[in-house]
1. Name the single residue, out of those in segment B:100-120 being surrounded by fewer than 24 Cβ atoms within 10 Å (Cβ to Cβ) and out of contact with any helix residue (DSSP H, G or I) (no Cβ under 8 Å at 6 or more places or on another chain), that is farthest from the other protein chains (Cβ to nearest Cβ).
2. Name, by its number, the condition in (1) touching a strand residue (DSSP E or B) at 6+ places or on another chain (Cβ under 9 Å); (2) closer than 26 Å to A:Ala184 by Cα that does not hold for A:Gly56.
3. Considering A:Ala220, A:Ala216, A:Ala144, A:Ala204, which residue is free of Cβ contacts under 8 Å to residues at least 60 places away in the same chain, within 25 Å of B:Ala30 (Cα to Cα) and within 11 Å of chain B (Cβ to nearest Cβ)?
4. Does segment A:189-208 contain any residue that is crowded, with 23+ Cβ neighbours inside 10 Å and acidic (Asp, Glu)?
5. Give me the pairs, please: first residue somewhere in segment B:110-128 and in contact (Cβ under 8 Å) with a residue 12 or more places away in the chain, second residue anywhere and among the charged types (D, E, K, R), beta-carbon distance under 7 Å, and either six or more positions apart or on two chains.
6. Looking at (1) within 9 Å of another protein chain (Cβ to nearest Cβ); (2) at pLDDT below 95, which is the one condition that is false for B:Gly137?
Number of protein chains: 2
Amino acid sequence: MSLPAEFSLIARHFAPLAGDGALGLTDDAAVFMPPAGRALVVTADAMVGGVHFLPGDPARDIARKLLRVNLSDIASMGAVPLCYMLTLSAPRGTPDAWFGDFAAGLALDQAAYGVQLLGGDTTSTPGPLSLSVTMFGHVAPGTAWRRGGARPGDALWVTGVIGQGVLGLRALRGEIADPDGSLAAHYRLPQPRLGLALHGIVSAAMDISDGLLQDAGHMARASGLGLEIELDRVPLSDAGRSAGVDFVASGAAGGDDYELLLAAPEGNSDRLVAAAAEKGVAVTRIGRFVAGAGVRGFSADGREMALGGGGWSHF
Amino acid sequence: MSLPAEFSLIARHFAPLAGDGALGLTDDAAVFMPPAGRALVVTADAMVGGVHFLPGDPARDIARKLLRVNLSDIASMGAVPLCYMLTLSAPRGTPDAWFGDFAAGLALDQAAYGVQLLGGDTTSTPGPLSLSVTMFGHVAPGTAWRRGGARPGDALWVTGVIGQGVLGLRALRGEIADPDGSLAAHYRLPQPRLGLALHGIVSAAMDISDGLLQDAGHMARASGLGLEIELDRVPLSDAGRSAGVDFVASGAAGGDDYELLLAAPEGNSDRLVAAAAEKGVAVTRIGRFVAGAGVRGFSADGREMALGGGGWSHF
């Protein structure tokens, strides 16, 4: 019997991406020895056509975004990425060239981030393209960054600039200008903040996937603290600045930033800035944790500002 | 800010299922120490509404089938199941009660098979319900069963009976009778063949998910051998027998069996049967591996029979 198309597709496009332990993607499961003496960090993110990416997005970029949103979770735990499992449900009739482009995108970011394909599953679907990755990283036992480690008085920091993901989505929809394409690029290809040498410097961390205010709220809640954010300090791009403070305060900065929120004692500020700079990453102090509960926003002149309840929910 | 519905849903239905390392499903990733000195076995299977289960199937059964098809892959490597990651993409408006039933199904099979939820992701989808599980097991290094380990002269064995999955699907479609509901039950709730003490007895193994002939062909190919199957020996249920030999030879026995194909030297036959019986599992010798390539089928009187190329492909 010749092999059905499904197996030929796997052999042609995905087997070349397979790493140690993947057994050439021909067995029922992968087998691998976890790095000795290390804790495994494991995250899973799904992406669905029309929800997490636009129907016309290039297959190559979809593949890279899929890896990057998962790598961002590995980064937010302070872990080193290792390998991943992929499930892909595609409409029947998806052209072979689409799979080729998708695999080419995986190959690019496998090389960029040092990860390998461990295994997975391909199926058909009567619905839109539906993707899921389980990403593995590793970390010294007991040293993974958590959301709930902030202490009263700790400063809240954020990497990069905020709001680029949602601005990119608006640009791709033709709602705002994007002369150099940088907004669209951020939406399609976020930058996971891997490799920051912040162990012993930060007390808590998470990545921003659902919007700055919502995610900062998660961090405060997990830490059993309140949080005061100086809204004017939130780092924005020119496009973000033109949208003004309300852009942040309303919660409308939305998701898809994939920047890191970091908590650190005030005394660690210089080390934090230096360690981020070593990786070419700007960090900005935007607030501080306080006893109590809830997130409050303040303007530059100390006036409290109403915060919207925005942020992404699927249900 | 109050939590959006998505987080409330996770806290209510999925957090109670979370095991050690899941960090209460509130962090960006799970952190767990792999069992010391053991190799990890990792598999991922996706399931899509209208493809892998019927739109009207009970949420509880969908959840259990999702775990079981993944556990079957763990079983086929001779591994001990450990924990799993879940991604779930559901249509907006999916009732809360559906998630409750789905979680109840997960809880039932978590208890039955000794696995725990490690983490995951829930998203919305404009398409049908789309699910993915990455399942972890462990095994002594170097002892995982592979597809490619069969040697010339090894016997081919199969657990249980064949064709129940596709017969169950036909029954649920009203195409064949199913007076006691056992066919439908097999389609909805396959039995992963975990825990068979066959290390040192079998030379190769895999589970049957795409159909006996196709999967046996994979095993022969991976082993660099040919395979002769005695078609009359293939164990069938009454319903399967009424479909006759062609039911097997045509390849139409289809997928969703989740029985194990096992290769073993002839001298290990008694030990194999005894080890399977300890777990209440019937095993049947249905063929043997030979030098060469390809799968050939024979009748009880030694006549070669044409084999169909059937078996499931998604593309």
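The values are calculated or read from the model by the stated rules, or taken from the named source; none is laboratory data. Just so you know, these numbers come straight off a predicted model, no measurement behind them. Here Cβ is always computed from backbone atoms with ideal geometry, including for glycine, and neighbour counts include all displayed protein chains.
1. Looking at the filtered set, the residue picked out is B:Ala111.
2. (1)
3. Within the list A:Ala220, A:Ala216, A:Ala144, A:Ala204, the selection yields A:Ala204.
4. Scanning segment A:189-208, I find at least one residue that is crowded, with 23+ Cβ neighbours inside 10 Å and acidic (Asp, Glu), so the answer is yes.
5. The qualifying pairs are B:Asp121/A:Asp45; B:Thr122/B:Glu6; B:Ser124/B:Arg92.
6. Here B:Gly137 meets the rest and fails (2).
Results for (1) at pLDDT below 90; (2) closer than 26 Å to B:Leu194 by Cβ; (3) among the basic types (Lys, Arg), shown as yes or no for each residue.
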{"residue": "A:Asp28", "(1), (2), (3)": "yes, yes, no"}
{"residue": "A:Ala59", "(1), (2), (3)": "no, no, no"}
{"residue": "A:Arg68", "(1), (2), (3)": "no, no, yes"}
{"residue": "A:Val80", "(1), (2), (3)": "no, no, no"}
{"residue": "A:Thr122", "(1), (2), (3)": "no, yes, no"}
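Yes or no, residue by residue, for (1) part of a loop (DSSP other than H, G, I, E, B); (2) touching a strand residue (DSSP E or B) at 6+ places or on another chain (Cβ under 8 Å):
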residue	(1), (2)
B:Leu106	no, yes
B:Asp109	no, no
B:Ala144	yes, yes
B:Gly148	no, yes
B:Ile162	yes, no
B:Gly174	yes, no
B:Pro179	yes, no
B:His186	no, no
